[in-house]
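To start, the structure under review is shown below, and the notes come after it.
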Amino acid sequence: MKKRNKIVFGILIIIIVGFLLPENLKMPVIGASASDFNSQSFWYYPWGKSVTHKGIDIFAKKGTEINSSTSGLVLYAGDISLGGNYVLVLGPKWRLHYYTHLGQLKTTPFSFVNNESIIGIVGTSGNAFGKPPHLHYSILTIIPYVWKIDSDKQGWKKMFYLNPIEYLKK
């Protein structure tokens, strides 16, 4: 087999294995339940500089621990202006799990986590300063789900953003 064919075959195997790994999502904020977030908040418009709210806000007492909602590889743990302290985890099914407004980070890039791993604590960093403490949680897919596109404001982006509520109810 030619070297190029071996590389392509190897990549295909990695992609397929990523889809076969079980996700087993759980609520990331310890002690939180469905009553701690607004079930209408996903894809809420209008929503400040981001135009549309592409995740859910899970409210909890400041300092409450946050677990990773799934197993995966921490791609980034740091700070950005709007999100403040945030963690980005690559999980099964080639999905990115995005946690923002953390009061403190408890993980580092390139570490492996599972849904028992504490990745941070609830806070008000970034543009959540002065608002009630909460975790903003989004799920993005690397593989576009084109059938999810609709006519909502920024509806074309729905091919990348999945509604966390649908996955946390399982």
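Selection of the range 36-51 for residues being surrounded by fewer than 13 Cβ atoms within 10 Å (Cβ to Cβ) and of a type in the set (S, T, Y) yields S39, Y45. Kindly provide the set of residues from the range 1-32 that are under 30 Å from K62 (Cα atoms) and not in a loop (DSSP other than H, G, I, E, B), ordered by number. Correct list: V29 only. In the range 110-128 there is at least one residue that is of a type outside the set (S, T, N, Q) and at pLDDT below 90.
In the set (1) open to solvent by less than 70 Å² (accessible area, probe 1.4 Å); (2) modelled with pLDDT of 95 or more; (3) over 14 Å from I119 (Cβ atoms), K54 fails one condition alone, (2). Only one residue in T124, T141 is surrounded by fewer than 22 Cβ atoms within 10 Å (Cβ to Cβ) and within 14 Å of the chain's Cα centre (by Cα), so which one is that? Testing whether each residue is surrounded by fewer than 22 Cβ atoms within 10 Å (Cβ to Cβ) and within 14 Å of the chain's Cα centre (by Cα) leaves just T141. Annotation: of all residues in the range 96-118 being hydrophobic (A, V, I, L, M, F, W, C) and within 20 Å of T141 (Cβ to Cβ), the one that is most open to solvent (accessible area, probe 1.4 Å) is L96. Pairs linking a residue in the range 2-25 that is under 16 Å from T141 (Cβ atoms) to a residue that is loosely packed, with under 10 Cβ neighbours inside 10 Å, with Cβ atoms under 7 Å and 6 or more positions apart or on different chains, are L25/K170. Scanning the range 144-170 for residues that are open to solvent by less than 20 Å² (accessible area, probe 1.4 Å) and either in contact with a Pro (Cβ under 9 Å, 6 or more places away or on another chain) or of a type outside the set (G, A, S) (or both), which turns out farthest from A34 (Cα to Cα)? Going through the qualifying residues, I end up with L162.
So, in the range 76-95, how many residues would count as being loosely packed, with under 15 Cβ neighbours inside 10 Å and of a type in the set (G, A, S)? Qualifying residue count for the region: 2.
Of everything in the range 33-54, what is assigned to a helix (DSSP H, G or I) and either more than 30 Å from D152 (Cα to Cα) or among the hydrophobic types (A, V, I, L, M, F, W, C) (or both)? Give them in sequence order. Walk me through how you get there before you give the answer.
Here is the first cut: in the range 33-54, the ones assigned to a helix (DSSP H, G or I) are 34-36, 48-50.
A34 - this is the single residue of the range 33-54 that is assigned to a helix (DSSP H, G or I) and either more than 30 Å from D152 (Cα to Cα) or among the hydrophobic types (A, V, I, L, M, F, W, C) (or both).
Counting only residues that are among the hydroxyl-bearing types (S, T, Y) and touching a helix residue (DSSP H, G or I) at 6+ places or on another chain (Cβ under 7 Å), the range 42-70 holds 1 of them. Residue count for the range 1-35, restricted to those that are within 21 Å of Y161 (Cα to Cα), out of contact with any Pro (no Cβ under 6 Å at 6 or more places or on another chain) and open to solvent by less than 80 Å² (accessible area, probe 1.4 Å): 9.
The number of residues in the range 57-75 being open to solvent by less than 30 Å² (accessible area, probe 1.4 Å) and closer than 30 Å to F19 by Cβ comes to 9. Taken over the range 144-170, residues that are within 20 Å of L90 (Cα to Cα), of a type in the set (S, T, Y) and assigned to a loop (DSSP other than H, G, I, E, B) amount to 1.
The values are calculated or read from the model by the stated rules, or taken from the named source; none is laboratory data. All values reported here derive from a predicted model rather than from experimental measurement. When we count neighbours, we look across all protein chains shown, and the Cβ atoms used for this are built from the backbone with ideal geometry, even at glycine. Just so you know, the surface numbers come from the protein's heavy atoms only, side chains and all, with ligands and any DNA or RNA stripped out. Shrake-Rupley method; radii C 1.70, N 1.55, O 1.52, S 1.80 Å.
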